[in-house]
Structures are given as C-alpha cells and as structure tokens.
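Since the structure comes first, as structure tokens, the remarks are kept for the end.
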Amino acid sequence: GGDAQVPPTAPPWLMVTGQPGSGKTTLVRRVAEALAQRGVALRGFFTEEVLGAGGSRVGFDVVTVPDGRRGVLSRKAGLPAHCPRTGAYAVDVAAFEALALPALSPPPPSAAARRSVVVIDEVGRMELHSAAFQAAVTRLLASPAEAVVFGALTAPIYGHRVPFCDAIAAHGRVSVDRITQKTRDAVREALQRRLLREVGLREEG
C-alpha cells in the first residue's frame, strides 16, 4: 500500500457512511459550520440535491466550502448524451472537476487552530466518474499535509460495493462511522468533539 510515506502522526480522515437518506450531507455540513464558527480554516465541497418545480429531485449540485460557489454535478435530464451515468442521473464531470478539484487543496491553518480541515462530501459513485478526483483523493491520502479530512463515503447499495471507497476505508489513517437516522445525532456530536481536538481547539463548556 501507499501508507509507508505517511508519517504516523499524520492527521486522521474522519468519514461517515450510510444508506441514501441517512443524513450524511446534513451531518457533514452541520459539523463543518460548527468548526467554521470556531475559526477553523476549511476548504472542500458538499453535494446538495436540486429539486424541480414539483419538489421532486432533478439532480445534484456541488457547492464549495467556504465560498459557496455552485456548479452542476448531475441531472436527470438536459446534459449531453456523452456524460457518464449513475442510475437515472447524467454526471457533468467537467463542471464537477472545475469546482471540486481546487477545493481539495488543504488551506493554511487559521490563528484559531493548529490544523485546517478538508471537507469531502462525498466520495461517491457520481464523483468517482472523475479520474482526476480519484487521483486527487489518493494524493491527499498519501500527503503529509497537516490537515484533517472530514466527509462522507458512499455505502454499498444492494450489495454492490465501490472498490475505491473500500480501499479508502481500509487505509490506516481513515476511520469510518456508519450512520442511520437513529444514530446520526450522537455520531455528529462525537465527531464534532473529536474534530475540535484534532485541529487543536478545545471545546468550550
């Protein structure tokens, strides 16, 4: 494996996984907002569902952290026929890469904390249509950068595993918490405490 060059003190990757609808993005977003309020430097991206006029989902956007720039990740209709597909969705790889790839560079730490945080929501089937994204995630995992990585990994659906996600989950610096609607609040609180510790901030109270 590529673990050899990573120093044993390398900051951890704290990832959540769970079935669609378990609340992965909401958990990651709420913890990231709490860290930002404490002055921690963050960079990365979220995936956000896009609803049509009738309230049904028409696709997903990628939204950058911290500046909130938004671009297309996928749509059920309207993208060129050459776009790769995940289920009912066509994936706009170029639009995704334009926003997500620059967001994977760890920012310098702020004055409030020893370490910064890279947010990745998510390492999922749609995002993995981008070979450049896979390469960037792999590079980040082998990097000695003093940044904590926090985000979501897609879960196996109907037993169909995603080998790239399995490889990340098996890496020595990655810990993965599986969440359900019942457990997500407790997991969120525990992860928030751990992240505040890992970046070198003490939790108040």
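Using only Cα atoms, find the angle between the long axis of helix 184-198 and the longest principal axis of the chain, and express it within 0 to 90 degrees, rounded to the nearest 10. The two axes meet at around 50 degrees.
How much of the accessible area of the chain, in percent, comes from carbon and sulfur atoms when a 1.4 Å probe is used? Kindly include the intermediate steps, with their values, before the conclusion.
Working: 5400 of 9990 Å².
Carbon and sulfur: 54 percent of the exposed surface of the chain.
Here are labelled values, (i) 12.9; (ii) 13.4; (iii) 12.2, and one is the computed mean projected area of the Cα convex hull in nm² for what I pasted. Which one? Only one option fits the structure, namely (iii). Over 21 Å apart: what share of the alpha carbon pairs of the stretch 129-205 falls there, rounded to a whole percent? Considering the stretch 129-205, 41 percent of its Cα-Cα pairs are separated by more than 21 Å.
Across the stretch 115-205, the relative contact order, built from alpha-carbon pairs under 8 Å that are at least six residues apart, equals 33 percent.
Spatial offset of the stretch 109-147 relative to the stretch 160-200 amounts to 14 Å, using the alpha carbon center of each.
So what is the 222 nm mean residue ellipticity for the chain from helices alone, if each DSSP H run of at least 4 adds -39500 (n - 2.57) and you divide by all residues, rounding to the nearest 500 deg cm²/dmol? Could the numbers behind the result be given before it?
Details: 5 runs with 57 residues, N = 205.
It lands at -8500 deg cm²/dmol.
Over the stretch 1-113, Cα pairs under 8 Å with separation of 6+ residues give a relative contact order of 22 percent. Over the stretch 39-198, Cα pairs under 8 Å with separation of 6+ residues give a relative contact order of 20 percent.
Computed over every Cα-Cα pair of the stretch 1-113 and binned at 5 Å starting from 0, the pair-distance distribution P(r) comes out as 2, 10, 15, 19, 19, 15, 11, 6, 3, 1, 0 percent. Dipole of the chain computed with +1 at Lys/Arg Cβ and -1 at Asp/Glu Cβ about the Cα centre; of VAL58, LEU141, LEU79, farthest Cα towards the positive end is VAL58. Extension gain for SER56-ASP185 works out to 43.8 nm (0.36 nm per residue, less the C-alpha to C-alpha distance). For the stretch 16-24, putting each phi into the Karplus relation 6.51 cos²θ - 1.76 cosθ + 1.60 with θ = phi - 60° gives couplings of 10, 9, x, 5, x, x, 6, x, 4 Hz, in residue order, rounded to whole numbers and with x for Gly and Pro.
3J(HN,Hα) couplings calculated from phi for the stretch 123-138 with the Karplus curve 6.51 cos²θ - 1.76 cosθ + 1.60 (θ = phi - 60°) are, in sequence order, 7, x, 4, 5, 4, 6, 5, 8, 5, 5, 5, 4, 5, 5, 5, 4 Hz; Gly and Pro show x. In this structure, the amide hydrogen of GLU122, modeled 1.01 Å from its nitrogen in the peptide plane, lies closer than 5 angstrom to those of THR47, counting only residues at least 5 positions away or on a different chain. Model label points for ARG30 and VAL176, set 7 angstrom from Cα along the Cα-to-Cβ axis, are 2.3 nm apart. Over the chain, accessible surface divided per residue gives 49 Å², non-protein components excluded, 1.4 Å probe. Taking amide H as placed 1.01 Å from N in the peptide plane, the amide H of THR86 sits under 5 Å from that of VAL91, each at least 5 places away or on another chain.
The values are calculated or read from the model by the stated rules, or taken from the named source; none is laboratory data. In this text, all values refer to a predicted model and were calculated from it rather than measured experimentally. Neighbour counts run over all protein chains shown; Cβ positions are idealised from the backbone, glycine included. Each accessible area value is taken on the protein alone, full model and side chains, heavy atoms only, with ligands, DNA and RNA left out. Shrake-Rupley method; radii C 1.70, N 1.55, O 1.52, S 1.80 Å.
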